[in-house]
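Read through the structure below, which is laid out as structure tokens, and then see the notes.
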Amino acid sequence: MPGIFLAHTISMLGTVAAQVALSILVFERTGSPLLSALVLVCSFLPYALGGIVLSSIADRFPARRVLVVCDLLSAVCIGFMLIPGLPVGALLGLLLLTGLIAPIFAGARAASLAHLLPAELFPIGRSLLRAISQLTVLTGFALGAVAVAAIGPTWLLALDVASFLASALLIGAGTPHTPAGDRRRNTVSDSLMGLRYVFTTKQLRNLIALTWVAPAFSSVPDGLAVAYTAQTGTAAATAGALFTGYAAGTVLGELVAARFTPSTRRRLVVPLLLASQVPAIAFLATPSMPVAAVLLAISGAGYAFNQGIDPLILEAVDPSYRGRLFTVQTSGLMAIQGVSIALAGVVGTLLKPNLTIAFAGILGTTITLLIARQALERTTRGAVMSRPG
């Protein structure tokens, strides 16, 4: 089991640092800020497509094999980027391919945790993966910028290849075998069947929607961080404090919530949801940058609500659909966050950034509470009915 977490850390660090390297490499070749920005777009855009048409791969084959193959394919894609003089279009195309692979890897990894961990430890395992992701995003972007200055973007991409190969080796050697699923149908039809299963099962649909909608609204300040610093009259470089505040809060919230009992984490779902949304409303008062960073840290800590939701998802899903469900959940989360940040940018051109953030907080609080009421109603009623006497 430690192999999965160590492999995730290594590959995430390499991937985030490589995004920095590729952005700089594209800008050096073209001088175009737009093409450089497309690196991040191409990193996230394929998640939706991969989650829709390829999700069944996570269920059709043993999880360990899927994880290793995904790492090796990602290494090959990044390796091709090292070809001297490769056109920018080809670089972005290879990045799109790695984006298609990523949600399959995430779905298979979550499904493997469900096989390898007892039910009561599954939310802790996913929480640890989320905390690792936030820490590696923070350190990866910082180290990536330093490494590009020290060794150049090409060598940093080569290190990303090495990180995927190391991840594949760790997973292959350090994780036990898990069973394969049904392969009687083709991949696409099987994936679409999983999609129908998720969205026609009311309990699952509401739970998954909750894990998408809450972070979609709470990520709006990320998209407006630079604009907000300009509004408050501070240097653009201080926008990093907002990103750091949210990520640090997320890690702290995950670590603290992991120490609670399963029943406590379940009772904290709604309070943590509120914590993830309400701080944004305080931006109506245009807080100073230190106060804004604290508000976003509180919002990030609220993301630990997932530790109360993950067991409910695991209980509600048929085991044969786990890989597909987790792949859809991951890809949908990435897609909806990208869309929400883009929409925030559009609204932010019409309203002041602080008003846009506050509006997202009001809307997010309202919508997440409505979905939570639907998602948790059945489980609450079931718990009451199951009490003795």
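The values are calculated or read from the model by the stated rules, or taken from the named source; none is laboratory data. Note that the structure is predicted; figures quoted are calculated from it, not measured. Positions of Cβ are backbone-derived with ideal geometry, glycine not excepted, and every protein chain shown enters the neighbour counts. With ligands, DNA and RNA removed, areas are computed over all heavy atoms of the protein, side chains included. Shrake-Rupley method; radii C 1.70, N 1.55, O 1.52, S 1.80 Å.
Output yes when any residue across region 11-18 is surrounded by fewer than 20 Cβ atoms within 10 Å (Cβ to Cβ) and either assigned to a helix (DSSP H, G or I) or at pLDDT below 80 (or both), and no when none is. No - not one qualifying residue is present in region 11-18. Is it the case that some residue within region 152-160 is within 19 Å of the chain's Cα centre (by Cα), open to solvent by 50 Å² or more (accessible area, probe 1.4 Å) and among the aromatic types (F, W, Y)? No: region 152-160 contains no residue that is within 19 Å of the chain's Cα centre (by Cα), open to solvent by 50 Å² or more (accessible area, probe 1.4 Å) and among the aromatic types (F, W, Y).
The residues of region 244-260 include none that are surrounded by fewer than 18 Cβ atoms within 10 Å (Cβ to Cβ) and touching an Asp or Glu at 6+ places or on another chain (Cβ under 8 Å). Annotation note: Cβ proximity below 7 Å between a residue of region 190-210 that is closer than 17 Å to G50 by Cβ and a residue that is among the aliphatic types (A, V, I, L, M) and outside any helix (DSSP H, G or I) (sequence gap 6+ or interchain) occurs for S191/L54. Of the residues screened, L100 is not one that is in a helix (DSSP H, G or I), open to solvent by less than 30 Å² (accessible area, probe 1.4 Å) and not aromatic (F, W, Y). Considered as a group, the residues in region 326-354 that are assigned to a helix (DSSP H, G or I) and β-branched (V, I, T) include one that is surrounded by the most Cβ atoms within 10 Å (Cβ to Cβ), and that residue is T327. When G125, G50, G89, G79 are checked against the criterion of being modelled with pLDDT under 85 and open to solvent by less than 60 Å² (accessible area, probe 1.4 Å), a single residue qualifies: G50.
If the condition is being surrounded by fewer than 24 Cβ atoms within 10 Å (Cβ to Cβ), more than 13 Å from Q374 (Cβ to Cβ) and small (G, A, S), then region 185-215 contributes only S189. When we screen S276, S219 for residues that are touching a Phe, Trp or Tyr at 6+ places or on another chain (Cβ under 7 Å) and open to solvent by less than 40 Å² (accessible area, probe 1.4 Å), the only hit is S276. The residue list F359, F305 contains one member that is in a helix (DSSP H, G or I) and over 20 Å from A106 (Cα atoms), which is F359.
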